[in-house]
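Novice: I have a structure here, written as structure tokens, and I will follow up with some questions on it.
The values are calculated or read from the model by the stated rules, or taken from the named source; none is laboratory data. All values derive from a computational prediction rather than experimental measurement. Here Cβ is always computed from backbone atoms with ideal geometry, including for glycine, and neighbour counts include all displayed protein chains. Note: areas computed on protein heavy atoms with side chains; ligands, DNA, RNA excluded. Shrake-Rupley method; radii C 1.70, N 1.55, O 1.52, S 1.80 Å.
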Amino acid sequence: MAGRLLARGMIAGCLAAALAFVFARFFGEPQVALAIAFEAARSAAEGAAPEHEMISRSVQASYGLATATVLYGAGFGGLFALVFSFAYGRLSFQSPRVLALLLAVAGFVTVVLVPDLKYPPNPPAVGNPATLALRTETYFVMIALSICVAAIACLLGQKVAQMRDAWTGWLCGGAVFVLLVALVQFGLPDVNEVPDGFPAVVLWRFRESALGMQAVLWGSMGLIFGALATPVLMGRAQKF
């Protein structure tokens with residue numbers, strides 16, 4: 001059963017990634033092009049020679065973006081299916097579609113939204129190359145801590161729900177999650193490396209499109225996986 005769900009999770013991830021690619025192609029890539037134009041203009045003003053492109057921009061914006069997005073979707077789709085397999089039957093959700101959608105929302109908030117609130121994505125020309133390793137490390141630390149905080153909040157909410165009721169458990173778990181996330185974000189270092197003169201509109205719209213791409217991917221993955229997993233789980237239930 002887990003293997004069948006894993007395959008469907010990867011399929012759902014690939015299909016969701018295709019939708020996310022379309023979103024990124026039309027909403028994100030124009031902002032990337034503007035950021036690259038700003039970087040090129042700044043380099044020309046400083047008298048620096050333009051960097052040689054090993055891969056052309058047209059390939060990066062089409063085949064390269066599509067390949068990266070599909071691989072990302074397939075990987076997270078497989079992980080999503082494994083988490084769903086663990087949660088199904090342990091949580092009080094009889095409908096696979098409802099559980100898949102709720103897990104997708106939880107995954108988006110935990111893996112994407114919370115880390116991006118602390119370390120939002122940046123387009124080209126934003127960020128100091130010398131601090132790339134530090135920024136990457138702190139971003140993944142933020143993801144790991146966000147997952148740990150979510151696990152703690154879920155366990156605490158489940159305990160409270162057993163002692164009181166489900167609504168009180170959800171409220172307590174949510175409050176603990178928000179409080180711990182605020183403490184974690186306060187404790188991690190801030191990063192502010194936006195160069196002077198960079199268009200604020202381009203930066204804002206790029207971050208909007210990056211977040212929107214992730215929302216499309218996770219939302220679509222939850223909906224598609226729920227539809228694919230329902231026949232498998234309902235068929236299993238009928239056998240018993």
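Novice: For helix 65-87, report the angle its Cα long axis makes with the longest principal axis of the Cα atoms of the chain; keep it between 0 and 90° and round to the nearest 10°.
Specialist: With both axes taken from Cα atoms, the answer is about 20 degrees.
Novice: P(r) for segment 74-144: what percent of alpha-carbon pairs falls in each 10 Å bin, starting at zero?
Specialist: Cα pair-distance distribution for segment 74-144, in percent: 17, 38, 26, 14, 5, 0.
Novice: Now, a different point. Helix 200-239 versus the longest principal axis of the chain: what is the Cα-based angle in degrees, 0 to 90, to the nearest 10?
Specialist: With rounding to tens, the tilt is 30 degrees.
Novice: What distance in nm lies between label points placed 7 Å from Cα along the C-beta direction at Leu102 and Ala18?
Specialist: Taking the two extended label points, one gets 3.0 nm.
Novice: At 7 Å along the Cα-to-beta-carbon direction for both Ala175 and Ala68, put a label point, then send me their distance in nm to one decimal.
Specialist: About 4.2 nm, to one decimal.
Novice: Hey, another quick one. Using the per-residue mean of other Cβ atoms lying within 10 Å as a proxy for protection, in what order, highest first, do the peptides 197-209, 66-78 fall? Don't skip to the answer; put the middle values down first.
Specialist: Values: 197-209: 15.7, 66-78: 18.3.
Sorting 197-209, 66-78 by mean packing, highest first, produces 66-78, 197-209.
Novice: How large is the accessible surface per residue of segment 53-154, computed with a 1.4 Å probe and reported in Å² as a whole number?
Specialist: Numbers: 5480 Å² over 102 residues.
That works out to 54 Å² for each residue.
Novice: Using every alpha carbon pair in segment 101-240, what percent of pairs falls into each 10 Å bin from 0 up to the bin containing the largest distance?
Specialist: Pairs per bin, as whole percents: 11, 29, 31, 19, 8, 2, 0.
Novice: OK, next. Could you calculate the contour length gain from Leu117 to Ser95, that is, 0.36 nm times the residue separation minus the distance between their Cα atoms, to one decimal place in nm? Display every interim value, and only then the final one.
Specialist: Details: separation 22, 0.36 × 22 = 7.92 nm, distance 3.16 nm.
Net length gain for the segment: 4.8 nm.
Novice: Could I ask something else about it? If you plug each phi of segment 95-112 into the Karplus form 6.51 cos²θ - 1.76 cosθ + 1.60 with θ = phi - 60°, what whole-Hz ³J(HN,Hα) values come out, in order, with x for Gly and Pro?
Specialist: Karplus-based 3J(HN,Hα) across segment 95-112 equals 8, x, 5, 5, 4, 4, 5, 5, 5, 5, 5, 4, x, 5, 5, 6, 8, 10 Hz.
Novice: Take the solvent-accessible surface of the protein heavy atoms, probe 1.4 Å, and return the percent of it on segment 177-240 that carbon and sulfur atoms account for.
Specialist: Numbers: 2530 of 3850 Å².
Of all accessible area on segment 177-240, carbon and sulfur atoms account for 66 percent.
Novice: Given the -39500 (n - 2.57) contribution per DSSP H run of 4+ residues, what per-residue ellipticity at 222 nm results for the chain, rounded to the nearest 500 deg cm²/dmol?
Specialist: On the way: 8 runs with 173 residues, N = 240.
The per-residue figure over the chain is -25000 deg cm²/dmol.
Novice: Any idea what diffusion coefficient the chain gets from Stokes-Einstein, in µm²/s, Kirkwood Rh on alpha carbon pairs, 10 °C, 1.306 mPa s?
Specialist: 79
Novice: Work out how much length Ala40 to Val109 would gain on full extension: take 0.36 nm times their residue separation and subtract the Cα-Cα distance, in nm to one decimal.
Specialist: The span from Ala40 to Val109 would gain 21.3 nm if fully extended.
Novice: Spelling out what I want: for every residue of segment 3-14, take phi, set θ = phi - 60°, compute 6.51 cos²θ - 1.76 cosθ + 1.60 (Karplus), and round to whole Hz; glycine and proline get x.
Specialist: Once rounded to whole Hz, the list reads x, 5, 5, 4, 4, 5, x, 5, 5, 4, x, 5.
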